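Take a look at the structure set out below.
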There are 2 protein chains.
Amino acid sequence: MQTWMGQPDLDEIDVATVLQALADPMRLRIVRLLDQVEESTCTALDLPVKVSTVSHHVNVLRHSGVVSTRIEGTARPSRLRRDDLERRFPGLLSSILAATPPKA
Amino acid sequence: MQTWMGQPDLDEIDVATVLQALADPMRLRIVRLLDQVEESTCTALDLPVKVSTVSHHVNVLRHSGVVSTRIEGTARPSRLRRDDLERRFPGLLSSILAATPPKA
DNA sequence: CGGTAATTACGATGCTAATCGTAATATTGC
DNA sequence: GCAATATTACGATTAGCATCGTAATTACCG
């Protein structure tokens, strides 16, 4: 039996809250990293900010409904809620992850 | 011949910038209004903030690539860049506009 | 049990941005 | 030209938040 951290149900996810969560550059970077590695903890993510800051960002992402987090000992591996988001906002996350950098 | 206000080309639109623009509640409200009325000026939008603030928000939306603005006398009617955004980030804007409010 | 590691809680700080009020600019109509 | 209207430019204020450092918590391991 797995233990999970608190997160909004599918019906509770608000698009404005999700947009606010994804608007921060560091959080968008975290989302892109999780897209590549599928699952990661705060310390395993290679980011140019302190771990306490990463923890804060991951919490924001979880409360908004973007990621879900398991409890595994002292570690808290998180992953994208791909299926949930696709069901709630079809095309939203996938278009963001597929977005190419601007040419200018 | 129409005159337009400056806006980024299709290839220059950055998804992070768009997300930052859409993250603000008032701007998201403006986007939803423009989705309904197709085109509107700052003063015609019924919003609980001063017109100078609305003007500021519309400028942010235009610089990010979300809306385009015509110059028509002293008026600056704006509309969503639906087709451009759909081409650049397929499904992004449409999923946001189609999003239902959370049940909780 | 003691040490280490992962995460979070908390307070502080500094920067960004939302909002406002006012003034300036531009255009239309009389 | 003059008045009225739409928009913007500008400065000021204020609130929110990203980040940090440190301390506290929890779990694993020898």
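Condition check: part of a strand (DSSP E or B), of a type in the set (Gly, Ala, Ser) and either within 13 Å of another protein chain (Cβ to nearest Cβ) or out of contact with any Leu (no Cβ under 6 Å at 6 or more places or on another chain) (or both). Does A:Ser52 satisfy that? Criteria not met by A:Ser52.
Could you tell me whether B:Leu22 is more than 9 Å from DNA strand C (Cβ to nearest atom), modelled with pLDDT of 95 or more and facing another protein chain (nearest Cβ under 10 Å)? Steps first, please.
Values: more than 9 Å from DNA strand C (Cβ to nearest atom): yes; modelled with pLDDT of 95 or more: yes; facing another protein chain (nearest Cβ under 10 Å): yes.
Answer is yes for this residue.
Scanning the stretch B:31-49 for residues that are within 14 Å of chain A (Cβ to nearest Cβ) and either touching a helix residue (DSSP H, G or I) at 6+ places or on another chain (Cβ under 6 Å) or acidic (Asp, Glu) (or both) returns a single hit, B:Asp35. Of all residues being of a type in the set (A, V, I, L, M) and in a loop (DSSP other than H, G, I, E, B) in the stretch B:33-47, which is most open to solvent (accessible area, probe 1.4 Å)? Just the residue, please. Top of the filtered list is B:Ala44. Among the residues making up the stretch B:85-104, those that are of a type in the set (Gly, Ala, Ser) and open to solvent by less than 40 Å² (accessible area, probe 1.4 Å) are B:Gly91, B:Ser95, B:Ala99. For the stretch A:55-66, a residue qualifies if it is aliphatic (A, V, I, L, M) and either open to solvent by 40 Å² or more (accessible area, probe 1.4 Å) or in a helix (DSSP H, G or I) (or both), and the qualifying residues are A:Val58, A:Val60, A:Leu61. Among residues of the stretch B:79-104 that are more than 7 Å from chain A (Cβ to nearest Cβ) and over 18 Å from A:Ile13 (Cβ atoms), those with a beta-carbon under 6 Å from a residue that is open to solvent by less than 60 Å² (accessible area, probe 1.4 Å) and of a type in the set (Val, Ile, Thr) at least six positions away or on a different chain give the pairs B:Leu80/B:Val67; B:Arg88/B:Ile13. Working only within the stretch B:9-32, note down all residues that are closer than 23 Å to A:Ser94 by Cα and open to solvent by less than 20 Å² (accessible area, probe 1.4 Å). Listed by number, the residues that qualify are B:Ile13, B:Val15, B:Val18, B:Leu19, B:Ala21, B:Leu22, B:Ala23, B:Leu28, B:Val31. Kindly indicate whether any position in the stretch B:68-84 is of a type in the set (A, V, I, L, M), open to solvent by less than 70 Å² (accessible area, probe 1.4 Å) and either outside any strand (DSSP E or B) or closer than 26 Å to A:Arg29 by Cα (or both). No, there is no match, as no residue in the stretch B:68-84 is of a type in the set (A, V, I, L, M), open to solvent by less than 70 Å² (accessible area, probe 1.4 Å) and either outside any strand (DSSP E or B) or closer than 26 Å to A:Arg29 by Cα (or both).
Of A:Ser64, A:Ser52, A:Ser78, all but one fail to be more than 13 Å from DNA strand D (Cβ to nearest atom) and at pLDDT 95 or above; the exception is A:Ser78.
The values are calculated or read from the model by the stated rules, or taken from the named source; none is laboratory data. Keep in mind it's a predicted model, so treat the numbers as computed, not measured. FYI the Cβ positions are ideal-geometry reconstructions off the backbone, even for glycines, and counts take in every protein chain you see. Please note that ligands, DNA and RNA were not included when accessible areas were found on the heavy atoms of the full protein model with its side chains. Shrake-Rupley method; radii C 1.70, N 1.55, O 1.52, S 1.80 Å.
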